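The structure under discussion appears below in the form of structure tokens.
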Amino acid sequence: MAQEKVYPVYLIAGFLDSGKTSFINSILSDGFAAEDRTLLLQCEEGEAEYDQKLLRNVTVLTVDNQEALTPEFLEAERRKCRAVQIIVEFNGMWQIQDFYVNSMPQSWALYQIIATVEGPTFDMYARNMASLMMEKLRNADMICINRCTDEICASLRQKNLRLVNRRADIYLERENGQSEDYMDGTVSAFDLDQPVIRIPDEDYGLWYVEIMDNPQMYAGKTVVYRAIMCKPPQYGRYFTPGRFAMVCCADDMTFLALACIGYDVSGIPERAWVEVTAEVAVEHWDPYEGDGPVLHVKSVAACRKPDEEVVQM
């Protein structure tokens with residue numbers, strides 16, 4: 001029996017005038033729908049309009065009544081235009097969960113959620129419509145905050161949106177159109193004010209990248225994480241518990257480990273799962289080819305392995 005084709009859905013969510021239409025124009029101008037027939041589901045109309053020159057391969061369907069978005073209706077409309085992918089300009093007053101639970105046909109798959117936010121109105125919406133706003137930020141794979149000034153960028157980094165969503169790529173777009181990464185070395189995906197920072201198993205890869213890129217943020221902090229014991233003889237008194245990570249396939253498997261020191265692990269078997277408690281320092285270690293995070297270990301205890309042993313990057 002032939003497997004049913006899956007149609008990817010790219011959902012752009014945000015309040016009115018947050019830049020959703022402009023974002024869609026930008027991806028269309030980059031050739032997003034140049035070769036593939038695309039259904040563009042418009043659930044909200046603001047001041048900006050779609051660039052008609054970019055709609056050659058795109059069918060626009062405007063539906064501003066949420067109750068009309070049934071799986072049967074949406075699939076019938078996709079078939080009419082023979083679309084192989086779907087862009088949704090989502091209404092900012094609707095819950096994303098309602099759409100993917102109640103509205104999406106079975107053959108549609110939510111590939112990416114992009115949340116757009118207007119920088120100057122961020123605080124207003126956060127105060128007055130917090131639940132609606134946070135729902136979009138928490139579910140997003142990418143967050144684009146536009147019309148940012150220096151003051152707005154500094155204020156947003158002080159709020160630390162990474163604590164709302166650890167996994168999303170977050171970009172700040174300046175008033176001149178230039179974009180910058182929210183993560184500038186001063187913002188962490190973890191609450192560094194905690195006396196002990198516990199790294200969730202599913203966030204090990206994220207933490208590894210962050211501490212390797214910005215070890216100074218963790219200097220003097222105590223961390224707790226689970227990993228596989230590794231004691232390379234060539235590293236002498238250093239040991240390197242870590243996790244296997246897969247970037248895109250099994251052939252890309254790599255071992256992500258940090259230098260540990262200061263604890264007798266001679267009685268702990270190689271490849272045993274352990275919970276490590278350590279204080280982070282920034283020191284020279286030859287395999288780093290310079291300074292990097294060196295963990296001064298306070299304890300190592302046997303533990304159960306995580307439900308997912310391999311980290312997905």
(message) Filter the stretch 1-44 down to the residues that are open to solvent by 30 Å² or more (accessible area, probe 1.4 Å), closer than 20 Å to residue 147 by Cβ and acidic (Asp, Glu) and list them by number.
(response) 17
(message) Which residue is nearest to residue 94 (Cα to Cα), if the candidates are limited to the stretch 109-142 and must be touching a strand residue (DSSP E or B) at 6+ places or on another chain (Cβ under 7 Å) and in a loop (DSSP other than H, G, I, E, B)?
(response) 140
(request) Among the numbered conditions (1) closer than 30 Å to residue 159 by Cβ; (2) open to solvent by 60 Å² or more (accessible area, probe 1.4 Å), tell me where residue 223 comes up short. (result) (2)
(request) Show the residue pairs that are 6+ apart or on different chains and have beta-carbon atoms under 6 Å apart, the first residue being within the stretch 198-222 and outside any helix (DSSP H, G or I), the second being among the charged types (D, E, K, R). (result) 222/279
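Yes/no matrix, rows are residues, columns are (1) touching a residue at least 60 places away in the same chain (Cβ under 8 Å); (2) polar (S, T, N, Q):
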residue	(1), (2)
128	no, yes
133	yes, no
145	no, no
150	no, no
158	no, yes
170	no, no
(request) Report yes if some residue within the stretch 287-299 is without any contact (Cβ under 8 Å) to a residue 40 or more places away in the chain, aromatic (Phe, Trp, Tyr) and out of contact with any helix residue (DSSP H, G or I) (no Cβ under 6 Å at 6 or more places or on another chain); otherwise report no. (result) yes
(message) For the stretch 92-137, give me each residue that is charged (D, E, K, R) and surrounded by 14 or more Cβ atoms within 10 Å (Cβ to Cβ).
(response) 118, 135, 136
(request) Test residue 271 against the stated conditions and say whether it is surrounded by fewer than 16 Cβ atoms within 10 Å (Cβ to Cβ), on the phi > 0 side of the Ramachandran plot and either of a type in the set (Asp, Glu) or not in a strand (DSSP E or B) (or both). (result) yes
(message) Just the residues that are among the acidic types (Asp, Glu) and surrounded by 14 or more Cβ atoms within 10 Å (Cβ to Cβ), please, taken from the stretch 190-209.
(response) 201, 202, 203
(request) Being outside any loop (DSSP other than H, G, I, E, B), of a type in the set (A, V, I, L, M) and open to solvent by less than 40 Å² (accessible area, probe 1.4 Å) is the filter here, so list the residues in the stretch 143-189 that pass it. (result) 143, 145, 152, 156, 161, 170, 172
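Taking the condition of a type outside the set (Val, Ile, Thr), within 21 Å of residue 147 (Cα to Cα) and open to solvent by 70 Å² or more (accessible area, probe 1.4 Å), does residue 47 pass?
Judged against the criteria, residue 47 is a match.
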(message) Can you confirm whether residue 84 is touching a Leu at 6+ places or on another chain (Cβ under 7 Å), open to solvent by 30 Å² or more (accessible area, probe 1.4 Å) and among the β-branched types (Val, Ile, Thr)?
(response) no
(request) Working only within the stretch 281-313, note down all residues that are more than 29 Å from the chain's Cα centre (by Cα), exposed (fewer than 13 other Cβ atoms within 10 Å of the Cβ) and closer than 18 Å to residue 265 by Cα. (result) 299, 301, 302
(message) If I filter the stretch 247-255 for residues that are free of Cβ contacts under 8 Å to residues at least 60 places away in the same chain, more than 25 Å from the chain's Cα centre (by Cα), in a strand (DSSP E or B) and under 16 Å from residue 227 (Cα atoms), do I get at least one hit?
(response) no
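The values are calculated or read from the model by the stated rules, or taken from the named source; none is laboratory data. As the structure is a prediction and not an experimental result, all values here were calculated from the model. Here Cβ is always computed from backbone atoms with ideal geometry, including for glycine, and neighbour counts include all displayed protein chains. Protein only, heavy atoms only, side chains kept; ligands, DNA and RNA dropped before computing areas. Shrake-Rupley method; radii C 1.70, N 1.55, O 1.52, S 1.80 Å.
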